[in-house]
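To start, the structure under review is shown below, and the notes come after it.
Please treat every number below as a calculation from the coordinates, not as lab data. Since we're looking at a predicted model, the values are computed, not measured. Neighbour counts are summed over all protein chains in view; Cβ atoms, including those assigned to glycine, are modelled from backbone coordinates with ideal geometry.
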Amino acid sequence: MGQHERLVVVGSGPAAYTAALYAARANLNPLLFEGLQPGGQLTITSEVENYPGFPEGILGPELMERMKKQAERFGTRFVMGEVTRVDLRARPFQLWRDDTLYTADAVVVATGASAKWLGIPSEKQYQGRGVSACATCDGFFFRGVEVAVVGGGDTAVEEATFLTKYATRVHLVHRRGELRASKIMQDRARKNPKIELVWNAVVDEILGDGKAVTGVRLKSTKDGATRQLPLKGVFMGIGHEPNTAIFKGQLDMNEVGYLQVKSPSTRTSVEGVFAAGDVADPTYRQAVSAAGMGCMAAIDAERWLAEMGVH
C-alpha cells in the first residue's frame, strides 16, 4: 500500500491553497499536489487588482506564493507534480503520481480550468501584455482603447459586452457568418453600438512592438485574404476547459466536463470527494470565489471525516 493521508488536495490555485489552509488549521495535516503549473491560472495574470485586501493591487504569482506560504505555515505538505490516475471506487481512495501510490480518506479536487488559446506563438509572447483570457480580470486596463474578442459563443459575447464599459470599440472576431451564442446574447451584441461584429475571420497573428500588442492580422475564412486591425488588446473568448480528464467516468460532470456539486455544498457524486474553484464553476471563475469555495470544501471534508470517525 502507498503512503496514507487523511486528506489530499489536488490542485494549486486559490481554491486548493485555501482548502489546504483551512484543513491544516483543522489539524487534518493535508497533502497537496501542486501539478505542473503551481499557482494555476493566476500565475499567467500579471496584475490582480480585484482581490480584496490589496488596495494597491498585487502580481498574480506573488498572491499565489503568499497563499501557499500561509497554507504551509499551518502544516500543509506539498508534492510537486501532478496526479496522473485515480481510483475513487476504492476505499481509501487511491491516487497515483506516475507510479507512486497515495491513499486518502477524503479528497478535495481543485484542479481548475484552462483557458482555450489559439495556439500561435505571438499569443504566448504577448500574454499579460495585451493578450488575456479574462475580461473581468483585465478589462480595466483597456480604458479608452480598441480591443478584439475572439469567439462566437456566449463566453465571447459576454466578454465583449463587459469590455464595452472600458474600451472605445470591441471587435468581435468570429470564424463563421453567424454567432453560436444564445439568442438573447446575440441581440445584446447587435444592439451595442460599441461592438463591431467581424464575420468569417480568424486571428492569423497578434502584432506588437515587443512590449505590448499593437494590433492583429486577420485572415478571411472565405478567401484567405489578410488585413490588419490596429488595437491594444486581444481577449480569448473561446471558452475554458476544466482539468477533469483523470476523473472521467468516476465523478459526475456536465457535458463540458465541469464537476457537478450538490449545492449548497461542495460534495461531488462520490461520498468523501469534494470539488472547489474553477473545476466546478463555469459561471464566476474568479480568484475570490474560488478561494471561498476552497474554504467550503475544507469545512465539508472536515465534517465528513468527523462523521466517518476518521481522526
- Message: Can you tell me what share of the DSSP beta bridges in segment 117-236 is antiparallel? A percent to the nearest 5 is fine.
- Response: 45
- Query: How do Leu88, Leu172, Leu59 rank when sorted from fewest to most other Cβ atoms within 10 Å of their own Cβ?
  - Reply: Leu59, Leu88, Leu172
- With the dipole of segment 1-68 worked out from charges on the C-beta (+1 for Lys and Arg, -1 for Asp and Glu) around the Cα centre, which of Tyr22, Gly11, Leu42 lies farthest toward the positive end? Tyr22
- Query: About its Cα centre, how strong a charge dipole does the chain have in debye, to the nearest 20, once Lys and Arg get +1 and Asp and Glu get -1 at the Cβ?
  - Reply: 680
- Amide hydrogen neighbours beyond the local backbone of Ala201, cut-off 5 Å, H modeled: His174, Arg175, Arg176, Thr221
- Note on the structure: Computed over the chain, the relative contact order (Cα-Cα under 8 Å, seq sep at least six) in percent reads 21
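Of the listed pairs Lys194/Lys248; Lys194/Lys262; Lys191/Lys232; Lys116/Lys211; Lys124/Lys219, which have alpha-carbon separations greater than 30 Å here?
From the list (Lys194/Lys248; Lys194/Lys262; Lys191/Lys232; Lys116/Lys211; Lys124/Lys219), the Cα-Cα distance tops 30 Å for Lys194/Lys248; Lys194/Lys262.
Can you give the helix-only mean residue ellipticity at 222 nm for the chain, where every DSSP H stretch with n ≥ 4 adds -39500 (n - 2.57) and the sum goes over all residues, rounded to the nearest 500 deg cm²/dmol? It would help to have the intermediate numbers written out before the result.
Working: 7 runs with 75 residues, N = 311.
My calculation for the chain gives -7000 deg cm²/dmol from helical runs alone.
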- Between Tyr284 and Asp99, Cβ-based FRET efficiency (R0 35 Å, step 0.05) works out to 0.40
- Query: Lys/Arg Cβ at +1, Asp/Glu Cβ at -1, dipole of segment 117-236 taken about the Cα centre: which of Thr164, Val147, Leu231 is farthest positive-ward?
  - Reply: Thr164
- Query: Whole-Hz Karplus ³J(HN,Hα) for segment 75-91, in order, using 6.51 cos²θ - 1.76 cosθ + 1.60 and θ = phi - 60°, x for Gly and Pro?
  - Reply: x, 5, 10, 10, 10, 6, x, 10, 6, 9, 7, 9, 10, 8, 8, 7, 10
- Query: If you line up the long axis of helix 60-73 against the longest principal axis of the chain, both from Cα atoms, how many degrees apart are they, to the nearest 10?
  - Reply: 10
- Query: Got the relative contact order for segment 117-236 handy, in percent, Cα pairs under 8 Å and 6 or more residues apart?
  - Reply: 31
- Label selected from (i) 69, 39, 35; (ii) 64, 40, 35; (iii) 54, 51, 39, the criterion being Cα extents along the principal axes in Å as computed here: (ii)
- Query: What ranking of Ser12, Ser220, Ser132 emerges when the number of other C-beta atoms within 10 Å of each C-beta is taken as an exposure proxy, fewest first?
  - Reply: Ser220, Ser132, Ser12
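Only counting other Cβ atoms within 10 Å, I'd like Arg175, Arg303 sorted with the fewest neighbours first. Don't jump to the answer; show the numbers that get you there.
Values: Arg175 17, Arg303 12.
By the 10 Å Cβ count, ascending, the order reads Arg303, Arg175.
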- Message: Given contacts defined as C-alpha pairs under 8 Å and at least six residues apart, what's the relative contact order of segment 69-130, whole-number percent?
- Response: 17
- Query: How would you classify segment 117-236 from its alpha-carbon gyration tensor, with a ≥ b ≥ c the square roots of the eigenvalues: rounded for a/c under 1.5, else prolate if a/b is greater than b/c, otherwise oblate?
  - Reply: oblate
- Item | J(HN,Hα) series, segment 140-151, from Karplus relation 6.51 cos²θ - 1.76 cosθ + 1.60, nearest Hz, glycine and proline x | 3, 6, 10, 5, x, 10, 8, 9, 10, 10, 9, x
- Message: Just to confirm my numbers, what's the Cα centroid distance between segment 252-311 and segment 129-180 in Å?
- Response: 30
- Cα centroid separation - segment 74-105 against segment 17-57, whole Å: 19
- Dipole magnitude of segment 107-186, debye to nearest 20 (Cβ charges: Lys/Arg +1, Asp/Glu -1, about Cα centre): 120
- Query: How large is ³J(HN,Hα) for each residue in segment 292-301, as worked out from phi by the Karplus curve 6.51 cos²θ - 1.76 cosθ + 1.60 (θ = phi - 60°), to whole Hz, x for Gly and Pro?
  - Reply: x, 5, x, 4, 4, 4, 5, 5, 4, 5
- Query: DSSP beta bridges in the chain, what fraction antiparallel, as a percent rounded to 5?
  - Reply: 45
- Task: List the residues whose amide H sits under 5 Å from the amide H of Ala115, counting only those 5 or more places along or on another chain, with H placed 1.01 Å from N in the peptide plane.
- Result: Glu241
- Take the eigenvalues of the Cα gyration tensor for segment 22-91, scale each by 5, and report the square roots as semi-axes in whole Å, largest first. 27, 17, 10
